[in-house]
Amino acid sequence: MEKKEKVVPPSPPRVIRDETTGNAYRRVGFLGEGGFARVWEVTTIHGERKAVKVVNKDSIKSKKNKTKLWAEIKLHQMLTHPNIVTFEDCFEDDENVYMMLELCENGSLMDLLRKRRRYTEPEARVILVQLIAACQYMHQTNVIHRDLKLGNLFLDDQMNVKVGDFGLAALIEKPGDRKKTICGTPNYIAPEVLFDTVNGHSFEVDIWSVGVILYTLLIGKPPFQTKDVKAIYKRIKENRYDFPADKEISASAQDLITSILNPEPDKRPSLDAILRHSWFHDGPFPPFVPVTAHDSAPDFR
Ligand code: ADP
C-alpha cells in the first residue's frame, strides 16, 4: 500500500482576527506541531505575547476528530491553575479553529532534556511538586490528563512548570466511573490502560506517568524504552526496568519511583503520599529552577 503523504495545511493569516470580539493577533513565530495542531507565537495590539494552537478544519471533518477537539477545548477551558497552561480564548474562521493559550517561552521539559541529557535531583524535586500540584487540581476537578510526559510539560518565562495538551484528557462524570479507551504515549502508558480492558482505568494512570517522568528526568530516558512499541508494552506488562549503576540515583529516589511504578493501580501512592516521601527532604530543594538550567546543571549546594 502506498504511504499517504502528510498534507501540510496552509499557515494561518499573518494577522489572526477574532470576528466576535474584534481582537487581532499578529503571528510572529512558529513554536511547534503535534498530532493535528500547529502552534505559533502571536502578539496582541498591546504587545502581549501569547501562543495560539491552530487546528485546520480539514483535519476535523470526521465526527471522531471533531468530538476529540471539542472535548479538549471543553476540558482545558474548565481548568485554571498556576501549573496548567492557561486557556484564554477560542474562536474560528472559515479555515481554522484557534485556541489562544498562555505562552510558555522556555519550551517543554523534553527540549531541556535533549540539551542537558538528564536533570539533577534538586531540579527534579522542584518540577515534581509543581507537576503534582497540577495533578491534584485536575483530579479534584475530575479530569484525568492521560498523556502526561516531558513533551507536554511546558516552562514559562520564570521556569514554572505548566501542564499542557489536553487532547487525551477525560472527565470522570460519575464517582467510580472507569475509562476503557486505549490512549497515551507508549513509553508513559500505564499497564492497566493496555491490559485491563475489563475494569478500565482512572486517575491512577496519571500517577503512573508521574513515576515515568521522574525516572526519565533523573536517568535521561524512559524506564521501558526500547526499539519497538510492542517490546515497550511487553516490558510494561512485565514491569521490567532498572536503575543503571553509572547514573548514581539516590536510594530514596529509586524507592519513590519503584513505589509509583506499581503494576496494580490501587497500590500506587496517592499524590499526597508522593509529596510526603523522604526523597523530597534528602537533599537540596531549591525554590525554583533558574533559566540557566537550559545550558548547564545549576549548583544548589
Ligand atoms: P498536539 O495536541 O497536536 O500534540 P501540543 O499542544 O503538544 O499539540 O503542541 C505542539 C507543540 O507546540 C509543542 O510540542 C510545543 O513545542 C508547542 N507549544 C504548545 N503549546 C505551547 C505553549 N503554550 N507555549 C509554547 N509552545 C507551545
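The values are calculated or read from the model by the stated rules, or taken from the named source; none is laboratory data. Keep in mind that this is a model prediction, so the values were computed, not measured. Here Cβ is always computed from backbone atoms with ideal geometry, including for glycine, and neighbour counts include all displayed protein chains.
Residues Asp255, Asp242, Asp228, Asp246: which one is of a type in the set (Asp, Glu), closer than 22 Å to Val126 by Cα and free of Cβ contacts under 8 Å to residues at least 60 places away in the same chain? Before the answer, list the steps.
Numbers: Asp242 fails: closer than 22 Å to Val126 by Cα; Asp228 fails: closer than 22 Å to Val126 by Cα; Asp246 fails: closer than 22 Å to Val126 by Cα.
Exactly one residue qualifies, and that residue is Asp255.
Of the residues Pro286, Pro263, Pro222, Pro269, only one is assigned to a loop (DSSP other than H, G, I, E, B), at pLDDT 95 or above and under 27 Å from Asp156 (Cα atoms); which? Spell out how you get there, then give the answer.
Working: Pro286 fails: at pLDDT 95 or above; Pro263 fails: under 27 Å from Asp156 (Cα atoms); Pro269 fails: under 27 Å from Asp156 (Cα atoms).
Answer to the check: Pro222.
Test of understanding: among Met159, Met138, which residue is touching a residue at least 12 places away in the same chain (Cβ under 8 Å), part of a loop (DSSP other than H, G, I, E, B) and of a type in the set (A, V, I, L, M)?
Numbers: Met138 fails: part of a loop (DSSP other than H, G, I, E, B).
Among Met159, Met138, only Met159 is touching a residue at least 12 places away in the same chain (Cβ under 8 Å), part of a loop (DSSP other than H, G, I, E, B) and of a type in the set (A, V, I, L, M).
Does at least one position in the stretch 184-191 carry a residue that is hydrophobic (A, V, I, L, M, F, W, C), surrounded by fewer than 22 Cβ atoms within 10 Å (Cβ to Cβ) and within 16 Å of the ligand (Cβ to nearest atom)?
Kept after step one, since they are hydrophobic (A, V, I, L, M, F, W, C), are these residues of the stretch 184-191: 189-190.
Okay, now just the ones that are also surrounded by fewer than 22 Cβ atoms within 10 Å (Cβ to Cβ), so none.
No, the stretch 184-191 contains no residue that is hydrophobic (A, V, I, L, M, F, W, C), surrounded by fewer than 22 Cβ atoms within 10 Å (Cβ to Cβ) and within 16 Å of the ligand (Cβ to nearest atom).
Can you tell me which residue in the stretch 37-76 is surrounded by the fewest Cβ atoms within 10 Å (Cβ to Cβ), limited to those that are of a type in the set (A, V, I, L, M, F, W, C) and out of contact with any Lys or Arg (no Cβ under 9 Å at 6 or more places or on another chain)?
Trp70
With the condition being without any contact (Cβ under 8 Å) to a residue 40 or more places away in the chain, I'd like the strands (runs of 3 or more DSSP E) fully within the stretch 17-114 carrying at least 2 qualifying residues. I'd like the intermediate steps shown before the answer.
Details: elements: 24-33, 38-43, 49-56, 87-92, 96-102.
It comes to 24-33, 38-43, 87-92.
Which one of the conditions (1) out of contact with any helix residue (DSSP H, G or I) (no Cβ under 8 Å at 6 or more places or on another chain); (2) under 17 Å from Val55 (Cα atoms) does Arg114 fail to meet, given that it meets all the rest?
Exception for Arg114: condition (2).
For residues in the stretch 56-103 being among the small types (Gly, Ala, Ser) and more than 18 Å from the chain's Cα centre (by Cα), which is nearest to the ligand (Cβ to nearest atom)?
Keep residues of the stretch 56-103 that are among the small types (Gly, Ala, Ser), which gives 59, 62, 71.
Okay, now just the ones that are also more than 18 Å from the chain's Cα centre (by Cα), so 59, 62.
On the way: Ser59: 10, Ser62: 16 Å.
Only one residue tops the list, namely Ser59.
Quick check on my filter: what residues within the stretch 272-283 are over 20 Å from Val212 (Cβ atoms) and either assigned to a loop (DSSP other than H, G, I, E, B) or of a type in the set (Phe, Trp, Tyr) (or both)? Please lay out each step first, then the result.
First pass over the stretch 272-283, keeping only residues over 20 Å from Val212 (Cβ atoms): 276, 278, 281-283.
Arg276, Asp282, Gly283, listed by residue number.
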